[in-house]
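What follows draws every value from the coordinates through simple rules; no lab data is involved. Please read all numbers here as calculations on a predicted model, not as lab measurements. Glycine also receives a Cβ, built like all others from the backbone with ideal geometry; neighbour counts cover every protein chain displayed.
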């Protein structure tokens, strides 16, 4: 099991959402797949809202915007794989 969200958060935004860097998923996005495709600017965070809802957010660091959010770790991997596929098809 990944050790996510157990220590102090990396930061807390103005809405009180706690953010932890998810190193594993960030590395997965940035690492080339078998086709050499990677998402160099994507960073993954595990989040916890003030009401207790937990989830994941993928941020495009170059654009400074979130590009995906969801509640499951598996969903993060699926989105990353789909975006790598989409990038290859351009």
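Couple of notes before you dig in:
- The range 11-88: translational diffusion in µm²/s, Stokes-Einstein, Kirkwood Rh over Cα pairs, 20 °C, 1.002 mPa s: 167 µm²/s
- The chain, relative contact order [Cα under 8 Å, separation at least 6], %: 20 percent
- Relative to the longest principal axis of the Cα atoms of the chain, the long axis of helix 73-88 lies at roughly 30 degrees.
- When each of 23, 40 is scored by the number of other beta-carbon atoms lying within 10 Å, the sequence from fewest to most is 40, 23.
- Per-pair calculated FRET efficiency, R0 = 30 Å: residue 54 and residue 86 via Cβ, rounded to 0.05: 0.65
- Using a Förster distance of 25 Å, the FRET efficiency for residue 37-residue 11 (Cβ separation, nearest 0.05): 0.25
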